[in-house]
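Take a look at the structure below.
No value in this document is a laboratory result; all are computed from the given coordinates. These numbers come from a predicted model, not from an experiment. Quick reminder, even Gly has a Cβ in these numbers, built from the backbone with ideal geometry, and neighbours come from all protein chains shown.
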């Protein structure tokens, strides 16, 4: 991955009439980078992608693709390929015609078109389907063709708009793998919109988590998972999601107080930034809780057991706050068992309860 | 508890069903009665028509009324039958249908996909245009065509039919296109299509059902038109409907009912034929357009 920017979004705004969707948003995407725009529906991620594609006209700001200001250029002149959730294959054309449509529109020579189609078809294993109509294909095959249609255009940037959301779970995992492999082999810049955090985590070089038209955190999947920048990111990323406890900090004892319980957090990395009596939210992922008895452990009761195969999720509560604990699939706990739990403080996250920012 | 459902579902002929069938058959008879009278009257000779009951079958088949209606019946002072009217109607209908359907498809496409400034206003205008009675606009249009020098001519009547057809056809096409997935249009834009290329390569190939609906509406509408043809076509281009009227409304001599009946059937054959061959497509196209408005 080079340091050169492939796509630069400069202070863009977009509104539908009076409804503002994006406001002064900026984003740099490096050459060859796999950037995932992740967020709940209505967060503006698809709008941002459509703006980059040129399918929506900006209210303000600029969009650059490499050294080219494409803000007011037509989509066809931006050197992009796009894959849609609904596949958007032309129903009246065969797969071959679908693949070649863009090239034919550009007036590419026939030999070159055939060569490119052959290459893309081989890459995506759709050689057998070339003579068929889209209506004769399954969902997975259709999405392969749609990806192929973007491939043949030799685009500088590939845009994916929730491409796997219409597929069943098994196919989704399969195509996710294919897309990742494609990126490994082609190393084109890819921008991928999804609301599925597993897709985001597995595919991305960097994830941009969005909410209400704002980028909440822009970082590697690892950083976003382990060091979420705020309460929203912490809650949105991870399944089962992070456990939260409202607490007050006791500077003298290096404790946080949750109801009547005290938790020692002296090992937290930024403990010096906390002030006495500060209201905080303590966040800990299910896999960072251990069931063991030690001087800091808290006693509680098993309230629910969810076996998930590889893991087993154990639900309990601390001072009325539900807590989930991820244990090995082979572990054996039953309803109403008394357990002692302790938190791996080094891997926890602490947020200010007012600003909701990470401390 | 002893019977386990198995095999074909038992058939029930309930009172309600029987009543329904009776009603349907009565409706069919009611609407077929005039057609029956027309056909048998056209096959009788005048003596028999005068002598016998209108519902009786002809004692002796006589076919002379049909060729007479086609090529000898008098309209005013000319006695050439309906044939010239048929030719005129074809000359009026074919170009009017082609022009109005093509332009409306383009309009509907622009309205559905290229949300230009004022698109909603234009859409409202089409709605309004579709529901204004023709008669209101006959005189102003006549003055305009007179000014343009095409009043009482073939281009004149074709223009009038095109104008009157476009609002409703534009709405039909717009609604059909609005029901197509917008992603298709987006993909085509990225693939390098401009306004015209996307229309020709992507949109038109998907328009078959709705185009058939539009063609049927226009063919039957224009073929059956009387008022506009009478006012705008001029003496040399009078459509079949106007000539039929002239045959039936004779001021002198005897009224030949058998000739009138065969002339009427001949005139209505084209729309009938269109409905018979396209009924299936018509229903499908209307349904396709109605899914999403």
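Quick notes
- Each peptide among A:171-183, B:91-103 gets the average number of other Cβ atoms lying within 10 Å of its residues, and from highest to lowest they stand as B:91-103, A:171-183.
- When each of the peptides A:117-124, B:172-179 is scored by the mean number of other C-beta atoms lying within 10 Å of its residues, the order from highest to lowest reads B:172-179, A:117-124.
- For chain B, pairs of C-alpha atoms spaced more than 23 angstrom apart make up 67 percent of the total.
- The range B:187-207-the range B:61-84 distance, computed between alpha-carbon centres (Å): 50
- Per-residue [θ]222 nm for chain B (sum of -39500 (n - 2.57) over DSSP H runs n ≥ 4, rounded to 500): -23000 deg cm²/dmol
- Were the residues from residue A:73 through residue A:15 laid out at 0.36 nm apart, the gain over their Cα-Cα distance would be 19.0 nm.
- Over chain A: helical MRE at 222 nm, DSSP H runs n ≥ 4 each giving -39500 (n - 2.57), nearest 500: -7000 deg cm²/dmol
- Net length gained if the chain between residue B:30 and residue B:178 were fully extended (0.36 nm per residue, minus Cα distance): 49.3 nm
- The Cα atoms of the protein assembly as shown give a gyration tensor whose axes a ≥ b ≥ c have a/c of 1.5 or more with a/b greater than b/c, which makes the shape prolate.
- Kirkwood hydrodynamic radius (C-alpha pairs) into Stokes-Einstein, the range A:1-106, 20 °C and 1.002 mPa s, D in µm²/s: 140
- Order of B:240, A:242 under a 10 Å beta carbon neighbour criterion, fewest first: A:242, B:240
- Exposure proxy order (Cβ contacts within 10 Å, fewest to most) of B:261, B:137, A:106, A:190: A:106, B:137, B:261, A:190
- Percent of Cα pairs in the range A:79-235 per distance bin of 10 Å, from zero to the largest separation: 10, 38, 31, 14, 6, 0.
- Nearest 10 degrees, 0 to 90: helix A:169-186 Cα axis against chain A principal axis: 70
- Cα gyration tensor shape for the range B:1-124, rounded if a/c is under 1.5, else prolate or oblate: oblate
- Taking only the C-alpha atoms of the range A:266-319, Rg followed by Dmax gives 14.7, 43 Å.
- The C-alpha radius of gyration of chain A, expressed as a fraction of 2.2 N^0.38 Å, stands at 1.19.
- Extending 7 Å from Cα along the Cβ direction at residue B:120 and again at residue A:41 yields two label points whose distance is 2.4 nm.
- Sites residue A:214 and residue A:275 - FRET efficiency at Förster radius 30 Å, r taken between beta-carbons, to 0.05: 0.65
- Ordering B:125, B:32 by the number of other Cβ atoms within 10 Å of each residue's own Cβ, fewest first, gives B:32, B:125.
- Value of Rg/Rh across the range A:243-352 [Cα atoms, Kirkwood radius]: 0.98
- Rule-of-thumb Rg ratio for the range B:97-181 [Cα; 2.2 N^0.38 Å; N residues]: 1.20
- Acute angle (nearest 10 degrees) that the helix A:110-124 long axis makes with the longest principal axis of chain A, alpha-carbon atoms: 30
- Computing FRET efficiency as 1/(1 + (r/R0)^6) for residue A:306 and residue A:257, where r is the C-beta to C-beta distance and R0 is 22 Å, gives about 0.15.
- Pair-distance distribution P(r) for the range B:112-235, from all Cα-Cα distances in 5 Å bins starting at 0: 2, 9, 16, 17, 16, 14, 11, 8, 4, 2, 0 percent.
- In terms of overall dimensions, the range B:15-62 has a Cα radius of gyration and Dmax of 15.1, 47 angstrom.
- Spin-label model distance (nm) - residue B:224 vs residue B:80, 7 Å beyond Cα toward Cβ: 2.8
- Cα long-axis angle, helix A:95-106 against chain A (0 to 90 degrees, to the nearest 10): 70
- Per-pair calculated FRET efficiency, R0 = 41 Å: residue B:138 and residue B:22 via Cβ, rounded to 0.05: 0.35
- Per-residue mean of C-beta atoms belonging to partner chains within 10 Å, peptide B:191-201: 5
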